[in-house]
Amino acid sequence: MPRTAGARYDRLVIDRARSYTIELRSAAAKIEITDDVLDAFAAALFVDRTIAGPVPSVDLGRRRLEVRTCVDATDLGAAVTIAISAFTRAAAAAGVVAELEAIAACVDGEHERGLELITSEGVIS
């Protein structure tokens, strides 16, 4: 089967992408986080094709939504943007307006360095 320019381009893009593990945590929600809210949040994350292997959770005492997921992207900024978008869509599907409180990320395969906390001031190792 002949190769096409599109297939070659797709392979190059895939070769340049890396996998990142991203953790996101919301600030305290203004509503009570119930099992139904967590179920809706999780269901929206599980069908989102922009992320892989989401592990949603909730801190009931502090009313926070959390997720750990993987994202394939060309750089850390793109990976974080993709994860934030997925998180925001899932929170909205669950009826929660979520403001992010914490973001942590690492390149997959470099877990020995651990996740780096990302703040508005930059990356904190």
Test: residue 21 is in contact (Cβ under 8 Å) with a residue 12 or more places away in the chain, within 16 Å of the chain's Cα centre (by Cα) and in a loop (DSSP other than H, G, I, E, B): no
Subset of segment 29-56 [loosely packed, with under 15 Cβ neighbours inside 10 Å and either among the polar types (S, T, N, Q) or under 17 Å from residue 99 (Cβ atoms) (or both)]: 30, 31, 32, 34, 50
Filter result (among the β-branched types (Val, Ile, Thr) and either touching a residue at least 24 places away in the same chain (Cβ under 8 Å) or within 17 Å of residue 42 (Cβ to Cβ) (or both)) within segment 68-108: 69, 71, 74, 80, 82, 84, 88, 96, 97, 103, 107
Enumeration of residues in segment 82-99 that are farther than 15 Å from residue 35 by Cα, within 14 Å of the chain's Cα centre (by Cα) and modelled with pLDDT of 95 or more: 82, 83, 84, 85, 86, 87, 88, 89
Selection within segment 38-72 - modelled with pLDDT of 95 or more, among the hydrophobic types (A, V, I, L, M, F, W, C) and not in a helix (DSSP H, G or I): 51, 52, 55, 65, 67, 70, 71
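The values are calculated or read from the model by the stated rules, or taken from the named source; none is laboratory data. Remember, predicted model here, so these are calculated numbers, not experimental data. Every residue, glycine as well, gets a Cβ built from its backbone with ideal geometry; the counts of neighbours run over all protein chains shown.
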